[in-house]
Structure formats: C-alpha cells, structure tokens
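Report on the following structure.
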Amino acid sequence: MEFLSRKNFFTWLEGLKTAYQVFVPCKKGAYRFYKRYTSPADDIVIGEVRTTEPLKGFFTHAREKVAEEFNPEAPPDKNKPFAIVGVKACDLKGFLVQDQVFAHQSPPDPFYARAREDNLIISADCTLTLDTCFCLALDHNPYPEGHFDINLSEVEGGFVVETGSSKGRQILEKHKNLFQEASPAVLDEREARRKNIVAEVVSKIEENEVPYQEHYPGMVERNYKSKIWEEEAQRCVECGACNMICPTCHCFMLTDQKSGDQFARFRHWDSCMLRNFAQVAGGGNPRSRLWMRLRNRFEKKFDFFPKVADFYACTGCGRCVTACPAKIDIRRVLKRLVHNE
Amino acid sequence: MNKWHNPYSPVKTEVIDSIVETPTIKTLQLKPQVPIAFEAGQFVELTIPGLGEAPFTPSSRPSVTDEMFLTIMKVGKVTEAVHLLQTGDTVGLRGPLGTGYPIDSFMDKEVLVIGGGCGFAPLRSLMYTLFERSKEFKKLLFRGGCRSAQDLLYRQELAQWAKRDDLDMKLTVDAGDTSWKGHVGVVTMLLDDIGMDCHEGIAIVCGPPLMMRFVTMKLVEIGFQDQNIYLSMERNMSCGFGKCGHCRLGTYYVCKDGPVFSYDKIKPFPDIWS
Ligand SMILES: Cc1cc2nc3c(=O)[nH]c(=O)nc-3n(C[C@H](O)[C@H](O)[C@H](O)COP(=O)(O)OP(=O)(O)OC[C@H]3O[C@@H](n4cnc5c(N)ncnc54)[C@H](O)[C@@H]3O)c2cc1C
Ligand code: SF4
Ligand code: FES
C-alpha cells in the first residue's frame, strides 16, 4: 500500500485531468455534492461522508439519448470519461445492482457497459457518519472493500492508497513519483480510524433500531397483506424522490422525440411510486393504489433481488430517508416488517 | 466498427400494406430492412418515428423473416398513430424479444389452443407453426371466443381452418346475430366436453386478463396440470429486454422470461390476473 501526501494529491488530480473529467465531493452547508475539479480548494472533502446525489448518475444519466434514427450501433461518446473521486462504500454497493441489470444480464446496455469500462473510481473511507447511515445493517463496512480502482483512506497529512483493479495499478504506476510506500504507522492509523467509524455506524443503527439484514428473509412475503403498507403510504405525495436518489433503483422509461425529420430515443430514470408505472392501455393497473406501489418498492428491493441475485437492493445510505417529504423512513418500515407490527 | 450493438435502436421498416380487420383492429404488413426471425410467442417493439413505441406479437408465419404482420387494436397514443399508417410509410421494429413457446416439448401430446378477443392475433403465428409441425402432435384443437361476430378476427382464414383435417376447431361469440351460425356463449363453455386426455394435454391460452383467468380455472377443474397450461401475460413494457423494470411479475420480467409462462411458474405470485 502507498501513501499520498495532501499536496501530492492535488498534483495527482491535476495530472488525471489530461485523460479524465475529474469530479470531487465539495461541501456546501451541511451537504456534499460532486463538482468538476478545477483547482485545489478548501471545500473539497475526500473523506467525510456520502454525497447528496447518488453515484449512479455518472453511469446512467437522468435523461440520456440512447438511439438516433435507425443507427444499429451505439453512438460513440466523444467526451473524456469520468474520474470520480471520494466515492463512498454505500455507493459502491449500488454497483451490485446496477451491474447486474445493465452489464451482466444479456443484452448489455452499451452506454452503461462503456461507462463502467472507461470511468475511473477513486473511492474513500468514510470519516464521519450522518444520523441516517445504516450500511452495516446491509452487511457492508463504511469503507470500500471492492468495486474501486483506487481507494483513499484519510490519515494525518494525506491518504493511504490501495489499488483494486489493474486500471488502478496502471494509474498509480504512471504517477509513481507522487506516491511513497505506506509506513506501518500510517497503516495502523488507517485501522484505528476504520474501527472508530464502524463503532459510530453501529451506534447510529442502535439509536434508530434498524434491523440487520439477517432478519430480512421472508419479511415482505410474510407482511404482504399487512396494514403496514397503507399506514406508511398515507402521507406519500408520489414525488418519486426516493427512487431518483436511490443508488440501486435502476428503472427507466423510453420516450421518443422528433426534431425536423430526425428522431431520437431518450432514456429517463423512472419511479415505481408513480401511478402510471405499471398501467396498461385501457387503464388496467396491477398497482392502482399508492400503498401497493410502496409495497412493490420494498418487494423489489428486499424480495425480488435476494431471490434472483442473492443480495438486497439497499445500501443503507439513508438518502431516501432524507429525501422523502412525507418522512417515510425506510429504517422504520424495515423494523415494522421484521417485527410484523 | 463500433463494438457496442445498440438494443434501443429499431430496424428501419417499410409499411407495405395496412389491412382493416374490424372497426378497431388493423393488420400491418411490414418489411424490415434487416430480416427479423422470431419464434411463435416472441414479440417486437414497433416504433412510430418521433412518437413512441409499443409491444406487439407478430401474427404472421415465424418461418418468413423478410416480412412481418402485426395485428393491432386501436387503444391509445401509439396504436392510434398505427391506424393512420399508409403504404410506403416508415416505421421501426425492435426484436425479437422475449421467449417463445416450448413447442418441442409438445411432441406426441394433445395440444389445445384457446384464444379470446384480440388474443387471436398472436395465436395466428403459433397456429401456423403448429400446422407446419402438426404430425408431431397427437391431436390439435382450437377453441376461440369473442364478443360478437363483428369482432371476430381473420374470419375468412378461420373458415379455411375449419376445413383442415389436422385441426378440431370450435368458435363461440358472447352475443350472436343473424350472420352467426355457430355457438353462442363464453369460451369456457366449449371446454366442458373437450374430448381429450386433459391430464396429459397441453393448453395454450391467450386473451384478455379476465378471459385467461376464467379459462385457467376451468382448465384446472377439468384436469389439466399447472405446468401444461401456457399463458400470455400482459404487462406495461418499455425496454423489452429486462432492464427498465416496468414489466416485473414476481421474480420474473415478462418481457424477457415471458411473455409466455406456464401456470405453475406464476401461480405463487399474488397479482397475476390484475
Ligand atoms: C408482449 C405484448 C404483446 C402484445 N401484442 C399485441 C398485439 O399483438 N396486438 C395488440 O393490439 N396489442 C398487443 N399488445 C398490447 C399493446 O402493446 C398495447 O395496446 C399498446 O402498448 C398500447 O399503446 P398505446 O400507446 O396505443 O396506448 P396508451 O394507453 O396511450 O399507452 C400509454 C403507455 O402505457 C404503456 N402501455 C400501455 N398499454 C400497454 C400494454 N398493454 N402493454 C405494455 N405497455 C403498455 C405504453 O408503453 C405507453 O407508455 C401487446 C402487449 C404486450 C405486452
Ligand atoms: S420520496 Fe416519499 S413522498 Fe416521494 S414517492 Fe417516495 S415515499 Fe412517496
Ligand atoms: S419491459 Fe423493460 S424490463 Fe421488461
């Protein structure tokens, strides 16, 4: 493992700009957002905690052109790929779902698969928690253990650097004058910091009484006819924010547009909470009521995915808790489901 | 050559003809620039350039790949535009999508096909295939029902089918009129004395959800096994290849794992008939 000083870190980002569009998390008030890196700045926060927006937007855009006229091939992407820095473990877990849907299941989505191949992921350990964090309940640590090219663990004066792919190793090799071997002391510091952050997440989970995933099997099926759904859905305003902000939600809708005598097809993120999501011609709708759609959202995440792909489609990032104007708290719903109350 | 094939992109297709079937149903004769081979039960997405797409099951012979027929009922945005198409117009086709009927597994069995309303359209391509292979089956039966004689699709063709000696066919309409000499009543009535070994037989059902529900109940009642009853499920669809999430039914995507399912596979899910 290597060590990268804070000063060299910025030199390195500068160097990455030749091949990549570099994005870094920046702090604005109490929140963090990805911004294009231009020069060293105080609001750049590599550690800390997840950004407000999910990582998935770098891989499938909220609205994106996917076909033009009758061209059978995906149009080439003329832009430089992204290097996304400071990605947190909960967003990396989102790749389990997004990869399963867009890359592993045939046919591969050419836009996603290309972005996955070309984009560079430089992740980072969390160094603080939000009240809504519960990643450990979903069986992953608040520091990256896979799905990254390079990971940064903040320590005094810089970062411990770990590579997770051959692409990451090549990048380090290319800039090797900036890195030095990590000393046993900084490695110890990394371990100590990791232990602390784990303890912090555990205490958040306990405070909020979030059940751990070993208690999830069967909970949705068991409560299929429960009043939980109607009660929880009562205040839902059908905005779809929970889906848009979720690192695992992948559903989309295709729409066509005309300009002059050209036509194009666009892919938009869609929300299963919206009434027309499953509606068919003539008005038939298998999920005509809002509570059925809320149940469906949990069914997809906690029943469908574990059955077809062996993981829960939730990362414990807590974004939907913060985003929901109706204060429908996934942690509370999980607790009610696990305890059948 | 770009290595990424684009599954969102339709094949440019010419409208050869548009045939009026009933006041609300037309059949398009289409010629895609690149031939599209499909199996009975698979479907395609039809693009009206600049307006949108909708899923349809071809009603033509799967063994013919340079032309395709789609029989389409006018119900909304895309289908209304479909009904305005004329010879020479350009549309797009994406497919084939989904999984076809496992016809090889019907070998040496009695095969009963039941259609309702617009369900006749997708069944026509299946019937063409079954006719081509009719020697492989012990017996071939067709039972069809629809609202009235006016709503009956492919009337002349059905009259030809009635004369085939490899097919046992009966039709019924919910409400008869002077032009109708056949049965009157719902299609389930035609199943009462079906005269086949139900326990070993294959049943294929396609039609509106309510019809499929009643027919399935009836088939189970007269002795068909769940795994031998094949149903065409309809769900809202967008991508057609298992990515957009719209068509999920339990642990399946209808667009990819279906649209044809044997009843035993989907029976455990709570909302299959809605
Ligand atoms: C596998 C499959 C095969 C089909 N085969 C035929 C056929 O052979 N002949 C035929 O007449 N009809 C068929 N249908 C139904 C046909 O797809 C719908 O009538 C059509 O989508 C309606 O589109 P619209 O724009 O005219 O209706 P609108 O009501 O304006 O559509 C609005 C929206 O709902 C979606 N939608 C509406 N109804 C359906 C539906 N039933 N299935 C999926 N998405 C829907 C559309 O994608 C669109 O986004 C089939 C449907 C499926 C799923
Ligand atoms: S964010 Fe909340 S209010 Fe909006 S759709 Fe989701 S559950 Fe409903
Ligand atoms: S239509 Fe998109 S997943 Fe089935």
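The values are calculated or read from the model by the stated rules, or taken from the named source; none is laboratory data. Since we're looking at a predicted model, the values are computed, not measured. So basically every Cβ, Gly included, is an ideal-geometry build from the backbone, and we count neighbours across all protein chains shown. These area figures cover heavy atoms from the full protein model, side chains too; ligands, DNA and RNA do not enter into them. Shrake-Rupley method; radii C 1.70, N 1.55, O 1.52, S 1.80 Å.
Observations on the model:
- Residue check for residue A:313: of a type in the set (Gly, Ala, Ser), within 16 Å of ligand 2 (Cβ to nearest atom) and either in contact with a strand residue (DSSP E or B) (Cβ under 8 Å, 6 or more places away or on another chain) or within 20 Å of residue A:251 (Cβ to Cβ) (or both): yes
- Any chance residue B:122 is away from every other protein chain (no Cβ under 14 Å), touching a residue at least 12 places away in the same chain (Cβ under 8 Å), open to solvent by 20 Å² or more (accessible area, probe 1.4 Å) and within 19 Å of residue B:258 (Cα to Cα): yes
- Residue identified as within 15 Å of ligand 2 (Cβ to nearest atom), within 20 Å of residue B:256 (Cα to Cα) and either touching a residue at least 24 places away in the same chain (Cβ under 8 Å) or more than 12 Å from chain B (Cβ to nearest Cβ) (or both) among A:298, A:277, A:305: A:277
- Of all the listed residues (B:70, B:28), the sole one being closer than 23 Å to residue B:127 by Cα, over 14 Å from the mean Cα position of the chain (by Cα) and crowded, with 19+ Cβ neighbours inside 10 Å is B:28.
- Top-ranked residue of the range B:181-237 - restricted to ones that are open to solvent by 80 Å² or more (accessible area, probe 1.4 Å) and within 14 Å of chain A (Cβ to nearest Cβ), ranked as nearest to residue B:248 (Cα to Cα): B:234
- Some residue of the range B:242-260 being without any contact (Cβ under 8 Å) to a residue 12 or more places away in the chain and over 23 Å from residue A:250 (Cα atoms): no
Residues checked against (1) away from every other protein chain (no Cβ under 14 Å); (2) farther than 17 Å from residue A:53 by Cα; (3) not in a helix (DSSP H, G or I):
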residue: A:91; (1), (2), (3): yes, no, no
residue: A:94; (1), (2), (3): yes, no, no
residue: A:99; (1), (2), (3): no, yes, no
residue: A:107; (1), (2), (3): no, yes, yes
residue: A:117; (1), (2), (3): no, yes, no
residue: A:121; (1), (2), (3): yes, no, yes
residue: A:129; (1), (2), (3): yes, no, yes
residue: A:132; (1), (2), (3): yes, no, yes
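- Qualifying residue in the range A:78-85 (condition: more than 8 Å from every other protein chain (Cβ to nearest Cβ), modelled with pLDDT under 95 and not in a helix (DSSP H, G or I)): yes
- Any hit, the range B:35-52, residues being open to solvent by less than 20 Å² (accessible area, probe 1.4 Å), in a loop (DSSP other than H, G, I, E, B) and away from chain A (no Cβ under 14 Å): yes
- Some residue of the range B:68-82 being closer than 22 Å to residue B:130 by Cβ and of a type in the set (A, V, I, L, M): yes
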